[in-house]
Amino acid sequence: MTAARWLSLVLPLLAVLAVGGRVRDRVSRAAGLLAFVAAGIGIAALHEVARRTGWYAFATVDGAFRGMPVDLWIGWAVLWGPLPVLLRRVLPLPVALGLLLWVDVVAMPALHPLVRLGPHWLVGEVVGLLLVALPAQLLGRFCADRRHLGARTLLQVGVFAALLLWFLPTVAFELGDGSWAGLTGLRRTGLLVVAQLAVLAATPALAAVAEFAVRGGGTPYPWDPPRRLVTTGPYAYLANPMQFTAVVLLLFTAVVTRSVTLALAAVSAGAFGAAVAGPHEHNDLRVRYGDSWRSYRGQVRDWWPRWRPYSVGPPAVLWLDDGCGPCTAVWRALARRHPVGLRIRPAREHERVLWRAEYVGGDGHTERGVAAVARGLEHVHLGWAVVGWTLRLPGATWLAQLVTDAMIAPPHPARSRGEPCPTPNSASSTAPSPPSGSTGSPASPPVPSPPPPG
């Protein structure tokens, strides 16, 4: 078994080192590393499922993590992660998956008695390829070739969430104290409260990820960063919203699971980010963005948020129908709070007929309907910004828009003041607004907001 373990580790490592030595592209190498992390976490999760289903098991040996030999784990993750990514030019994805299946079908029976196969182990093999190897390959290949920004962002969020919320706590429980029993032992009401608090804590990070993608054209992965300096959304309040949120979530998980080890890991992660990763990141951003970065960092801190947002460049514009009661109420509420870097203008003055509220950022980014109002809340202060980020969570915007259209004000063309505003009862349709042309509004420069209606 010792020879089998060494071969299972050394052969994949030698292969990836040989291929990696010929690949000079730093982005491809970084994408391979990300695929390795994704495959490693996925294989660990697959092993947990296999233990319960009886697909396969490992002999009791030294150097194992929760019953899985670490050397096999690493070799397996290399085969399912970076090696096919680095060979993607000669191994299309279907061919790569077919070869991985063939290697496992041949190797796993040959590794007996180290690997003990159950009667349905091929089912586990197919599940692993579809739910672990395939996502790892898509993530690695998309990042290496800078394709499919939305898909690779979602895949990265999935990997980082699994790392933060499952893998790291599991390692802490295995090596130290605490267990998932502290969470699974809660009643349904307690689980619901914990889930809601976790989502609330994760909201700034999720909003920051979205900001990286839609405003910066990049992802949270350091080797796949935004192409533009992002100072909007959560970054208008905090320079490190993702790292801050990660530490908060780890500490929250440590409290719920009663793990001192995990709490120490959270504190260590924060210290590492501040003392090691932070200076490196600051230097990189200073080189890439120069004075813009220095001006931003002079106003926005890493670990302590501002109360009012940082704003630079042309102000954003929020177009609201001043002939509509709900829009007028929103206008007044925002105006009373003196939003930073935001102008509010009557929708009837827009160059196009607007059927819903519209937000146009200083960089041309647009949002409509509830999402537009949520963007406007980001310009008030941190408390309202959190409300805005929550409204823009996946699914939340759709639900809020559905409720707004059905119960508050359906989509309708902006009209002159004094004309009656349609209500859900009088509206004949709650369908989305008809398609329009350009979403930007470069021909409508921001002007000072007129006084709130009424």
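Taken over the range 60-90, the criterion of being in contact with a Ser or Thr (Cβ under 9 Å, 6 or more places away or on another chain) and open to solvent by 50 Å² or more (accessible area, probe 1.4 Å) is satisfied by Arg66, Ile74. Considering Val49, Val19, Val27, the condition of being open to solvent by less than 40 Å² (accessible area, probe 1.4 Å), aliphatic (A, V, I, L, M) and under 24 Å from Leu163 (Cβ atoms) is satisfied by Val27 alone.
Looking across Ala207, Ala201, Ala172, one residue alone is open to solvent by less than 60 Å² (accessible area, probe 1.4 Å), under 30 Å from Ala144 (Cα atoms), out of contact with any Cys (no Cβ under 9 Å at 6 or more places or on another chain) and outside any loop (DSSP other than H, G, I, E, B). It is Ala207.
Check the range 345-360 and report whether any residue there is surrounded by fewer than 19 Cβ atoms within 10 Å (Cβ to Cβ) and among the β-branched types (Val, Ile, Thr). Checked the range 345-360: at least one residue is surrounded by fewer than 19 Cβ atoms within 10 Å (Cβ to Cβ) and among the β-branched types (Val, Ile, Thr).
Note on the range 111-123: residues that are in contact (Cβ under 8 Å) with a residue 24 or more places away in the chain, assigned to a helix (DSSP H, G or I) and of a type in the set (A, V, I, L, M) amount to 1.
Which ones in the range 126-136 are crowded, with 24+ Cβ neighbours inside 10 Å and over 18 Å from the mean Cα position of the chain (by Cα)? Within the range 126-136, Gly128, Ala133 qualify. Using the structure shown, decide if Ala271 is at pLDDT below 95 and either open to solvent by 50 Å² or more (accessible area, probe 1.4 Å) or in contact with a Cys (Cβ under 7 Å, 6 or more places away or on another chain) (or both). Spelling it out, Ala271 is indeed at pLDDT below 95 and either open to solvent by 50 Å² or more (accessible area, probe 1.4 Å) or in contact with a Cys (Cβ under 7 Å, 6 or more places away or on another chain) (or both). Restricted to helices (runs of 4 or more DSSP H) entirely inside the range 26-107, those with at least 2 residues that are more than 18 Å from Ala136 (Cα to Cα) are 26-53, 70-80. Exactly one residue among Arg294, Arg288, Arg258 is touching a Gly at 6+ places or on another chain (Cβ under 9 Å), surrounded by fewer than 20 Cβ atoms within 10 Å (Cβ to Cβ) and of a type outside the set (Val, Ile, Thr), and that residue is Arg258.
Got at least one residue in the range 225-240 being over 28 Å from Gly341 (Cβ atoms), touching a residue at least 12 places away in the same chain (Cβ under 8 Å) and crowded, with 20+ Cβ neighbours inside 10 Å? No: zero hits.
The values are calculated or read from the model by the stated rules, or taken from the named source; none is laboratory data. These numbers come from a predicted model, not from an experiment. Virtual Cβ from ideal backbone geometry, glycine too; neighbours counted across all protein chains shown. Note: areas computed on protein heavy atoms with side chains; ligands, DNA, RNA excluded. Shrake-Rupley method; radii C 1.70, N 1.55, O 1.52, S 1.80 Å.
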